[in-house]
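In what follows, a single structure is set out as structure tokens and then discussed.
The values are calculated or read from the model by the stated rules, or taken from the named source; none is laboratory data. Nothing here was measured: the structure is a model prediction, and the numbers come from that model. Positions of Cβ are backbone-derived with ideal geometry, glycine not excepted, and every protein chain shown enters the neighbour counts.
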Amino acid sequence: MVETLKRVVRNEYFPAAAVLALVVLFWVAGLFGGLSLLSRSQPPIATLTWLLFVYAAAVLTPLAGILAAADLLRRWWRNRAAAKAGSAKAAKTGS
């Protein structure tokens, strides 16, 4: 179990996949009650602080998600191209 966890965490895809998962989790949580603070009576400064936080998160999380998805695709394409080059090189030397 611990070795599997170590292998997953050391995987080159892990950081970008974790960011993408957290972005999706943030937006799902927001869909299921993210505005609950506004339904309760709060001091204006608390409401303003919460709205500024939500605004910043709403702006930054899509950016983080796009960058994470782009990083995952870039790594996947790079590894795929390297595997093709390696198999082509092996086929060439094997002939």
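A few remarks follow.
- Leading residue by the ranking (farthest from Val19 (Cα to Cα)) among those in segment 41-51 that are β-branched (Val, Ile, Thr) and either surrounded by 10 or more Cβ atoms within 10 Å (Cβ to Cβ) or in contact (Cβ under 8 Å) with a residue 24 or more places away in the chain (or both): Thr47
- Some residue of segment 18-26 being assigned to a helix (DSSP H, G or I) and in contact with a Phe, Trp or Tyr (Cβ under 7 Å, 6 or more places away or on another chain): no
- Taking (1) exposed (fewer than 11 other Cβ atoms within 10 Å of the Cβ); (2) in contact (Cβ under 8 Å) with a residue 40 or more places away in the chain in turn, Val23 satisfies each apart from (1).
- Within segment 1-17, tally of residues that are in a helix (DSSP H, G or I) and more than 12 Å from the chain's Cα centre (by Cα): 9
- A search for C-beta distances below 6 Å between a residue of segment 69-82 that is among the charged types (D, E, K, R) and any residue that is part of a helix (DSSP H, G or I), counting only pairs 6+ apart in sequence or on different chains, returns Asp71/Ala16.
- Among residues of segment 52-92 being charged (D, E, K, R) and exposed (fewer than 12 other Cβ atoms within 10 Å of the Cβ), the one that is farthest from Ala21 (Cα to Cα) is Lys92.
- Every residue from segment 1-56 that is of a type in the set (Phe, Trp, Tyr) and modelled with pLDDT of 80 or more: Tyr13, Phe14, Phe26, Trp27, Trp50, Phe53, Tyr55
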